[in-house]
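The values are calculated or read from the model by the stated rules, or taken from the named source; none is laboratory data. Since the model is a prediction, treat every value here as computed from it, not as a measurement. Note: ideal-geometry Cβ built from the backbone for every residue, glycine included; neighbour counts use all protein chains shown. The area values use the complete protein model at the heavy-atom level, side chains included, leaving out ligands, DNA and RNA. Shrake-Rupley method; radii C 1.70, N 1.55, O 1.52, S 1.80 Å.
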Amino acid sequence: MNIYLKLTSLLLILFVFSSCENSISDEAFVFIPKGLVDIGSEDGLDSEKPVKRYSVNSFYLAAHPVMVSEFREFIDATNYVTEAEKYGDSGVFSFENKQWYLQEGAYWEYPAGQNKDKAIDNHPVTQVSWNDAIAYATWKGERLPTAIEWEHAARNGSNSRTKYPWGDNIKVNSQHKANVWQGEFPFINTNEDGFMMTSSVKQFPASPIGLYDMAGNVWEWTDSEYEEGNSKLMKTIKGGSFLCDPDFCHGYRVSARMGTTPDTSLMHTGFRTVKN
């Protein structure tokens, strides 16, 4: 091989490598650096105690939860049937009756039921079970984050110890930083942030590291088991939702976590993925 061909081959390799790097580093995914992170909070619920330190490798986390439009691409390409569709109903919160119930016909495209509004393309997809989220991630060649990775990212990859990814106040300069419940759940929602249910994935500002909706909007599935005195297999969800308020669950704190069975679908639960 002459020197010209060698240089051409080298340039081609460098171009391909650069293209791969750029495809991963685009705005769809945020690089989360490796580091040590203290998971949990001594001021939180029992499920958040005790605080434990972990070492986390670097990874790429989706900048926002999977949107309805993205999930529809998966459905159209694979003809996948979600568990909510198989069961015929799923969990919906009634603002009128102020309680959860099983709504017949509710699924990802009509998260509150087919007599309610259709899901909006740039909102997080909901009514997806953990099993559904795994199916989507596998199709994309990606995976779900672990609960430790998720919290490390919410702590901006630097073990920041603030209550929320951006600081300790839900409002900054009179502006709401996340889509959460205002008032007393489930009785009064003053709706100061303008959203009774989900909001678009970039409606509120990104965290310091560049992630959207790491607090509020929808709970997010992780690939970690949830263990809190319960013999039933449950998966950890993180991030809180539009139904969380400080006195009821305050689930949008960085350290907060809850557990849900893998086949459960709810109108306030979605997910985001990791690209290694």
Lone qualifier among 119, 137, 153 - being hydrophobic (A, V, I, L, M, F, W, C) and assigned to a loop (DSSP other than H, G, I, E, B): 119
Hits in region 186-208 - residues which are open to solvent by less than 30 Å² (accessible area, probe 1.4 Å) and among the aromatic types (Phe, Trp, Tyr): 204
Subset of region 149-187 [of a type in the set (Val, Ile, Thr) and touching a Lys or Arg at 6+ places or on another chain (Cβ under 9 Å)]: 162, 170
Tabulated pairs, region 54-71, first free of Cβ contacts under 8 Å to residues at least 24 places away in the same chain and part of a loop (DSSP other than H, G, I, E, B), second open to solvent by 10 Å² or more (accessible area, probe 1.4 Å) and not hydrophobic (A, V, I, L, M, F, W, C), C-beta under 8 angstrom, 6+ apart or interchain: 57/34
Total residues in region 223-252, condition charged (D, E, K, R) and open to solvent by less than 30 Å² (accessible area, probe 1.4 Å): 3
Residue check for residue 62: aliphatic (A, V, I, L, M), surrounded by 13 or more Cβ atoms within 10 Å (Cβ to Cβ) and either at pLDDT 95 or above or under 24 Å from residue 206 (Cα atoms) (or both): yes
Criterion: closer than 30 Å to residue 131 by Cβ and either aliphatic (A, V, I, L, M) or within 19 Å of the chain's Cα centre (by Cα) (or both) - qualifying residue of 221, 166: 221
Tally, over region 224-249, of residues that are modelled with pLDDT under 95 and either more than 17 Å from residue 148 (Cβ to Cβ) or under 14 Å from the mean Cα position of the chain (by Cα) (or both): 10
Residues located in region 86-141, provided they are open to solvent by 50 Å² or more (accessible area, probe 1.4 Å) and touching a helix residue (DSSP H, G or I) at 6+ places or on another chain (Cβ under 8 Å): 120, 121, 122, 131, 139, 140
Residue match in region 27-39 (condition: open to solvent by less than 100 Å² (accessible area, probe 1.4 Å), of a type outside the set (A, V, I, L, M, F, W, C), at pLDDT 95 or above and not in a strand (DSSP E or B)): yes
